1. Do we find that T119 is closer than 20 Å to G17 by Cβ and in contact with a strand residue (DSSP E or B) (Cβ under 8 Å, 6 or more places away or on another chain) in this structure?
2. Condition first: aliphatic (A, V, I, L, M), without any contact (Cβ under 8 Å) to a residue 40 or more places away in the chain and not in a helix (DSSP H, G or I). Now tell me which residues in segment 1-33 satisfy that.
3. Within segment 34-67, how many residues turn out to be assigned to a loop (DSSP other than H, G, I, E, B) and buried (at least 17 other Cβ atoms within 10 Å of the Cβ)?
4. With the requirement that a residue be more than 23 Å from V184 (Cα to Cα) and not basic (K, R), what does segment 44-56 give you?
5. Name every residue in segment 52-98 that is of a type in the set (A, V, I, L, M) and more than 27 Å from L140 (Cβ to Cβ), in order of residue number.
6. Counting only residues that are in contact with a Lys or Arg (Cβ under 7 Å, 6 or more places away or on another chain) and outside any loop (DSSP other than H, G, I, E, B), which one in segment 143-164 is farthest from C78 (Cα to Cα)?
7. Please go through segment 84-117 and give me each residue that is over 19 Å from F49 (Cα atoms) and among the basic types (K, R), ordered by number.
8. In segment 69-90, what residues are part of a strand (DSSP E or B) and polar (S, T, N, Q)?
Amino acid sequence: MGLKADNWIRKMSLEQGMIEPFVDEQKREGVISFGVSSYGYDIRVADEFKIFTNVHSSIVDAKNFDPHAYVDFKGDVCLIPPNSFVLAHSVEMIRMPPTVTGVVLCKSTYIRSGVLIPTTVLEAGWEGIITLEISNVTPLPAKIYANEGIAQVLFFVGDEPCDVSYAARAGKYQNQKGVVLPRV
């Protein structure tokens, strides 16, 4: 890599647009932290949510997704019902270089509150807004704060580009914007 990890993230973001908008330091005062970190970048959750509900007795089917399974919500704070789930998206647009893969992990502040985000891989060559799956595994409602940190992306840099990038194979979630539902 040749640079310290945080300096590499700065260089890739400021010169090549890897992360936009890019916050060049860790923001922490009075918020759940976001911005550049030691070996990664703490992304923020936007203010648009799809809250899963059983009002219409829908069945969740990844191959035939029913839009009645959720309600749309926009706001500064999202309440996730007990033992439920929301979809949201990152504030940041991510552009993975052909030599880099990212892994999205939930921030410990939320994990310690019973709010989980499953691990997601951002493959080399992928770009878009990250769709976030956020689960409340507690028997109580859980708050999510829009425009604050929600997850960390850790970057793994290879010595050379992969043979077939996500972009080259026209991955189904390439260039996604907003919350993107399951695709087959």
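The values are calculated or read from the model by the stated rules, or taken from the named source; none is laboratory data. These numbers were taken from a predicted model, which means no experiment stands behind them. Positions of Cβ are backbone-derived with ideal geometry, glycine not excepted, and every protein chain shown enters the neighbour counts.
1. no
2. Once the filter is applied, which keeps residues that are aliphatic (A, V, I, L, M), without any contact (Cβ under 8 Å) to a residue 40 or more places away in the chain and not in a helix (DSSP H, G or I), segment 1-33 yields L3, V23.
3. 3
4. Passing the criteria: V45, A46, D47, E48, N54, V55, H56.
5. Correct list: A62, M93, I94, M96.
6. Once the filter is applied, the top-ranked residue is Q152.
7. Of everything in segment 84-117, those that are over 19 Å from F49 (Cα atoms) and among the basic types (K, R) turn out to be R95, R112.
8. The answer is S84, S90.
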